[in-house]
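Working notes for the structure below.
The values are calculated or read from the model by the stated rules, or taken from the named source; none is laboratory data. Fair warning: this is a prediction, and the values are worked out from it, not measured in the lab. Cβ atoms come from the backbone with ideal geometry, glycine included; neighbour counts cover every protein chain shown. All accessible areas refer to the heavy atoms of the entire protein, side chains included, with ligands and DNA or RNA removed. Shrake-Rupley method; radii C 1.70, N 1.55, O 1.52, S 1.80 Å.
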Amino acid sequence: MNIVVLVKYIPNPEGTPEMGPDHRLKREGVEGALDPGDEHSVEAALQLAGSDGEVTLVTMGPEAAVGALRRGLSMGGHKGVHVLDDSLKGADVLVTARVLAAVVKRQAGFDLVLAGVESTDGYTGTLPMAVAELLDLPNVTFARKVEVADGTLKVERQTEAGYDEVECPLPAVVTVTAGANEPRYPTLKGIMQAKQKPMDTLSVSDLGLSAEDVKATQEVMGLEPVAAKEAGEVIEDPEEAPGRVVEFLTKAKVI
Amino acid sequence: MDRDFGLTEDQREILAAVREFVREKAAPAAPGYEEKHELPRDLFRRLGEMGLAGIPYDERYGGAGQPFLTYLTVLEEVASGFFSLALTLSVHHLSASGLHRFGSDSLKEKYLPRLCSGEWLGAYALSEASSGSDAASLRTRADRSGDGSSYRLTGSKRFITHGGEAEYYLVMARTGGEGPSGISAFVIERGWEGFDFGKLEEKMGWHASPMRELLFEGCQVPAENLVGDEGEGFTIALAGLDSGRLGIAACSTGLAQAAFDAAVAFARERSQFGKPIIEFQGLQFMLADMATQIEAARRLYREVGRLRDAGGDYSQAASMAKLFASDTAMRVTTDAVQVHGGYGYMQEYPVERYMREAKALQIVEGTNQIQRMVIGRRLASS
Ligand SMILES: Cc1cc2nc3c(=O)[nH]c(=O)nc-3n(C[C@H](O)[C@H](O)[C@H](O)COP(=O)(O)OP(=O)(O)OC[C@H]3O[C@@H](n4cnc5c(N)ncnc54)[C@H](O)[C@@H]3O)c2cc1C
């Protein structure tokens, strides 16, 4: 099985992100890592690919984003594709999806595209669907388990109440949740070998995309801090508590 | 300050992966294992899966074929998050190194792949109840059978880390007359008839590093399991200790770093006389000394690691690194308790454990008096 995994390099997930004057996350000159969410899709891909499959990691981002590919390769991925182009600075979801879809199209004979549910820095959670749409492929989201049997994809799709069992033909685009697996740590050998693995660096024109294709149509006008959560209400009297809780839940239309 | 200055890109990347594993998996599990007095066998196995149980050994035998320095830096990193786990790795390494350097091909092919993968755990058995620093006076006997096909081991080994837990034991026993030249080294497996263990030793610290006595009562060991030649055992034991001492130096540095980090964090948070105690010069000077000593210990063990990798004679320098780093660990952990005041004496904070752990580092793999003796003898003889 040939699997393409869309991965993102994000500013240090444990640090405090810095915003630039353009109201966008500062991505250059800051320490970063493979998005922890993407580690789960890489892990899922490695498990599905088994010993005879191939896992291709694809990223779009500044120079440093190659770190995301390196990490995935040291976990066991087979090759990496890095789309690096100054004109992509400030790309919005649609532009990113166009670029990634164009890369996926170039991967001859791919069976499956995996991605995280949402990035840990942007949180839009819309990119994989846009890629699926552009590729005209079926899209299954929130997979907590992915299997392929007889050429059919079987997914347990996480829902609020439990999970749905979903089947779909290949190729497809699937988003993988953090509950799907425990990502492996890179091995010493993997780290050493990652440097020898094939890595393609492509520009927008290499992908056959025009300046118009990569022009962001979304503009960030300003930034507002999220309103602080109001302190909760503490009910101390055990007599009064059950009634008040029921009242609260009824009001919130939970019960 | 770049703690990893001078390391290659490969070494930095390996350390980054280890750091992540230690932060996410090892460090959070440490207090639990220490409390239960249980060997972190599953974590050791995971280190093996990451390719870290045989870093400097030949790829032919399942090792990673990487510099010894890489192994040392990994040890330091693990020690800073879960000291006993680093110790496990270090003793495992000590037990395999004699075989790797002196063993026959067939013996290496039989045991090293299992040790390098972390599937098997190793132990190193030199000390006895009546022979510690004077290890060459050991009394465990290994008598060759009439047809020369096997040896019969009788006697006991005291203070053996991983005793009862390990599958593989490198055991030094006497095949000849008195003194170092009468000693030979053997590979012995757990489960062999006539090989048993004493009760779990109760120690001051290193609780997640179980220790038992080894008891040999006519244990039959095939002659193939002799490592090197008869009479070469003491040389093998000491060669292992040269590398082992560097390992102890790296573990000491990691432990000292953990204590120091805890002390700085506490000193920033704790306020007295209306300000954080870290603002008092008396405390700052203490922390400054701690930081300086740790950095010196790190530079020393790493430089000696490089000397070893370059094929130089590093025996005396390894003693210096072990001596300096373990004394540093003792001083730094003691001062870390001091920085914490009364809280430092409480089990609620980790520094009292660090202090107990540091003490044994001045004793194992040659007490620090013995290290000074090794260094001093060279001075006298040259
Ligand atoms: C936690 C722990 C784990 C251990 N794990 C192992 C293991 O896995 N395998 C193993 O084989 N051993 C192990 N040991 C044993 C350890 O190597 C010995 O304890 C150590 O070598 C000291 O020997 P001893 O305890 O017999 O002390 P002794 O040799 O009796 O020393 C007592 C004191 O006398 C001093 N002394 C002795 N000779 C001299 C001298 N010539 N000049 C100056 N001072 C001297 C010593 O420095 C020490 O202060 C372990 C010990 C501990 C505490």
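A:GLU240 sits among other residues whose Cβ lies under 12 Å from its own Cβ, and their net charge, with Lys and Arg +1 and Asp and Glu -1, is -4. The residues of the range B:276-328 have, on average, 43 Å² of accessible surface per residue, using a 1.4 Å probe with all protein chains present. The residues of chain A expose on average 55 square angstrom of accessible surface per residue, using a 1.4 Å probe on protein heavy atoms. For A:MET199, the residues whose amide H sits under 5 Å from its own are A:GLY80, ignoring neighbours fewer than 5 places away on the same chain, with H placed 1.01 Å from N.
Electrostatic bookkeeping for A:MET199 treats Lys and Arg as +1 and Asp and Glu as -1; over the other residues with beta carbon under 11 Å from its beta carbon, the sum is +3.
Check the straight Cα-Cα distances from A:LYS197 and name the aspartates and glutamates below 14 Å, setting aside those fewer than 8 residues away within the same chain. Leaving aside aspartates and glutamates fewer than 8 places away in the same chain, those within reach of A:LYS197 are A:GLU54. For the protein assembly as shown, the alpha-carbon coordinates run over 87, 67, 58 Å along the three principal axes, in decreasing order.
Taking the alpha-carbon centroid of each part, what is the distance from the range B:102-146 to the range A:182-246 in angstrom? Using only Cα atoms to place each centre, the spacing works out to 52 Å. The phi torsions of the range B:148-154, fed into the Karplus equation with coefficients 6.51, -1.76 and 1.60 and a -60° offset, translate into couplings of x, 7, 7, 10, 10, 9, 9 Hz, rounded to whole numbers, with Gly and Pro shown as x. Rg to Rh for the range B:277-382: what is it, with Cα atoms only and Rh by Kirkwood? When Rh is taken as the Kirkwood radius, the ratio is 1.07. Put simply, the amide H of B:ILE55, placed in the peptide plane, has neighbours under 5 Å in B:ALA64, leaving out anything fewer than 5 places away on its chain. So what's the net charge close to B:ASN225: Lys and Arg +1, Asp and Glu -1, counting the other residues with Cβ under 15 Å from its Cβ? Here the charged neighbours net out to -4.
Under 5 Å from the amide H of A:GLU54 lie the amide H atoms of A:ASN2, A:ILE3, each residue being 5 or more positions distant or on a separate chain, with H modelled from the backbone and absent for Pro and chain starts. With the whole protein complex present, A:MET75 retains an accessible surface near 10 Å², based on a 1.4 Å probe.
In a DSSP loop and with at most 13 other Cβ atoms within 10 Å, the trypsin sites (Lys or Arg not before Pro) in the range A:146-234 are A:LYS195, A:LYS215, A:LYS229. Using a probe of 1.4 Å, the accessible surface attributed to B:SER381 totals some 90 Å² when neighbouring protein chains are kept in position.
Every pair of different Cα atoms in chain A enters the Kirkwood calculation, which places the hydrodynamic radius at 19.9 Å. Burial annotation for the range B:52-67: residues with an accessible-area loss of at least 30 Å² between the isolated chain and the complete set of protein chains, computed on heavy atoms with a 1.4 Å probe, are B:GLN66.
If exposed GluC sites (Glu not before Pro) are those in a DSSP loop with at most 14 other Cβ within 10 Å, what is the longest stretch of chain A that has none? Result for the longest clean stretch: A:32-159. Within the range B:258-356, the chymotrypsin sites (Phe, Trp or Tyr not before Pro) that combine a DSSP coil assignment with at most 12 other C-beta atoms in a 10 angstrom radius are B:PHE273. Residues of the range A:186-200 buried by at least 10 Å² of accessible area upon assembly of all protein chains, compared with the chain on its own (1.4 Å probe): A:PRO186, A:THR187, A:LEU188, A:LYS189, A:ILE191, A:MET192, A:LYS195.
The A-B contact accounts for roughly 1400 square angstrom of buried accessible surface, both chains included, probe 1.4 angstrom.
Among the chymotrypsin sites (Phe, Trp or Tyr not before Pro) within the range A:118-186, those in coil by DSSP and having at most 15 neighbouring Cβ atoms inside 10 Å are A:TYR123. The separation of the range B:5-30 from the range A:1-44, counted between C-alpha centres, amounts to 19 Å.
Leaving out ligands, DNA and RNA, and with a 1.4 Å probe, what % of the accessible surface on chain B is carbon or sulfur?
The value for chain B is 51 percent carbon and sulfur by accessible area.
In chain A, the calculated helix contribution to ellipticity at 222 nm averages -7500 deg cm²/dmol per residue, counting -39,500 (n - 2.57) for every DSSP H run with n ≥ 4.
DSSP bridge analysis restricted to the range A:1-89 gives an antiparallel fraction near 30%, rounded to the nearest 5. Residue by residue, the range B:340-354 carries 3J(HN,Hα) couplings of 7, x, x, 5, x, 8, 8, 6, 5, 10, x, 5, 5, 5, 4 Hz when phi is fed to the Karplus relation 6.51 cos²θ - 1.76 cosθ + 1.60 (θ = phi - 60°); x denotes Gly or Pro. Modelled spin-label separation between B:GLU189 and B:ARG270, with each label point placed 7 Å from Cα along the Cα-to-Cβ direction: 5.3 nm.
Backbone geometry of the range A:9-19 corresponds, through the Karplus equation with coefficients 6.51, -1.76 and 1.60 at θ = phi - 60°, to 3J(HN,Hα) couplings of 9, 10, x, 2, x, 9, x, 9, x, 10, 9 Hz, x marking Gly and Pro.
Roll a 1.4 angstrom probe over the protein heavy atoms and tell me the percent of accessible area of the range A:2-207 that is carbon or sulfur. Display every interim value, and only then the final one.
On the way: 4420 of 9380 Å².
After summing per-atom areas, the C and S share lands at 47 percent.
Solvent exposure of the range B:122-231, expressed per residue, is 42 Å² of accessible area, with all protein chains present and a 1.4 angstrom probe.
In this view, the solvent-accessible surface of A:ASP85, computed with a 1.4 Å probe and all protein chains in place, comes to about 50 Å². Partner lysines whose Cα lies under 19 Å from the Cα of A:LYS105, excluding those fewer than 8 positions away in the same chain, are identified as A:LYS8, A:LYS79.
Under the rule of -39500 (n - 2.57) per DSSP H run of 4 or more residues, summed and divided by the residues of chain B, what mean residue ellipticity at 222 nm is obtained, to the nearest 500 deg cm²/dmol? That calculation yields -17000 deg cm²/dmol at 222 nm.
Modelled spin-label separation between A:ILE235 and B:ARG23, with each label point placed 7 Å from Cα along the Cα-to-Cβ direction: 4.2 nm.
Accessible-area rank, largest first, for B:SER181, A:SER87, B:SER252: B:SER181, A:SER87, B:SER252, with all protein chains present and a 1.4 angstrom probe.
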